[in-house]
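**Student:** What follows is a single structure, and I will ask about it in a moment.
Here, each number is a calculation from the coordinates, and none is a lab measurement. Remember, predicted model here, so these are calculated numbers, not experimental data. Cβ atoms come from the backbone with ideal geometry, glycine included; neighbour counts cover every protein chain shown.
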Amino acid sequence: MLQDLITQQQFALKLCSALGCGLIAGVFFAFSSFVMSALARLQPTQGIAAMQSINITAINPLFMTVLFGTAAACIVLAVSSVLKWHQPGAAYLLLGSVLYLVGTILVTIVFNVPLNEALAKVEADSTNGANLWASYLGNWTFWNHIRAAAALGAAASLTIALCYPVAKP
């Protein structure tokens, strides 16, 4: 009975991680495929103001829970996969977890957040703001493409891992 509960919890953790990665991939894909292009079509003052507002409203409990809750689940899955490396599907768990943690979370922290912080400090209607905006659009979008691809790859790998039965403890 306890083993069945543990098995169900492990399956649920894999499923929630795969869904979280997919959800984040979708958010980042939307930005890469049309949001940033729409902002680039605006006058720099308007684009900067809009992105500054987006960056403020993105820091909310729902989005942060999905972004970092998925990361926490991926840490658990990565450790579990290493400890149970002999089990079928462990490589997919590790790959998916590492893709999300490195390609999505680390890239966000190292590249996108500093770009957002720099943008937050400029006046939208200044020459400095317009100059920053010109480079921001390309740099932020490039790193966002990486995040979207990594999160999608993580979702795919974790979904494949769902096909393997959870071994009894």
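**Student:** I need 163, 74, 16, 21 ordered by Cβ neighbour count within 10 Å, fewest first.
**Tutor:** Taking fewest neighbouring Cβ atoms as first place, the list is 163, 16, 74, 21.
**Student:** Could you work out how far helix 61-83 tilts from the main Cα principal axis of the chain, as a 0 to 90 degree angle to the nearest 10?
**Tutor:** Result, in degrees: 40.
**Student:** Now a separate question. Be a star and scan the range 11-33 for residues whose amide nitrogen sits under 14 Å from the point 7 Å along the Cα-to-Cβ vector of residue 65.
**Tutor:** 20
**Student:** To make sure I understand, if each residue's beta carbon is the centre and we count other beta carbons within 10 Å, what order do 166, 98 fall in, fewest to most? All intermediate terms of the calculation are to be shown ahead of the outcome.
**Tutor:** On the way: 166 21, 98 18.
The order, fewest Cβ neighbours first, is 98, 166.
**Student:** Another question, then. Grab the DSSP H runs of the chain that are 4 residues or longer, score each as -39,500 (n - 2.57), total them, divide by all residues and round the 222 nm result to the nearest 500 deg cm²/dmol.
**Tutor:** Dividing the helical sum by the residues of the chain leaves -25000 deg cm²/dmol.
**Student:** Something else now. Would you mind ranking 126, 97 so that the residue whose beta carbon has the fewest other beta carbons within 10 Å leads the list?
**Tutor:** 126, 97
**Student:** OK, next. What is the packing order of peptides 101-114, 51-64, 140-153, taking the mean over residues of other C-beta atoms within 10 Å and listing the highest first?
**Tutor:** Numbers: 101-114: 17.1, 51-64: 12.0, 140-153: 20.4.
Sorting 101-114, 51-64, 140-153 by mean packing, highest first, produces 140-153, 101-114, 51-64.
**Student:** For residue 126, enumerate residues with amide H under 5 Å from its amide H, sequence gap 5+ or separate chain, H modeled in the peptide plane.
**Tutor:** Distant-sequence amide H within range of residue 126: zero hits.
**Student:** Whole angstrom only: what separates the Cα centroid of the range 125-146 from the Cα centroid of the range 1-73?
**Tutor:** 21 Å
**Student:** Explain nothing, just the number: relative contact order of the chain, from Cα pairs under 8 Å at least 6 residues apart, as a whole percent.
**Tutor:** The normalised contact order for the chain reaches 43 percent.
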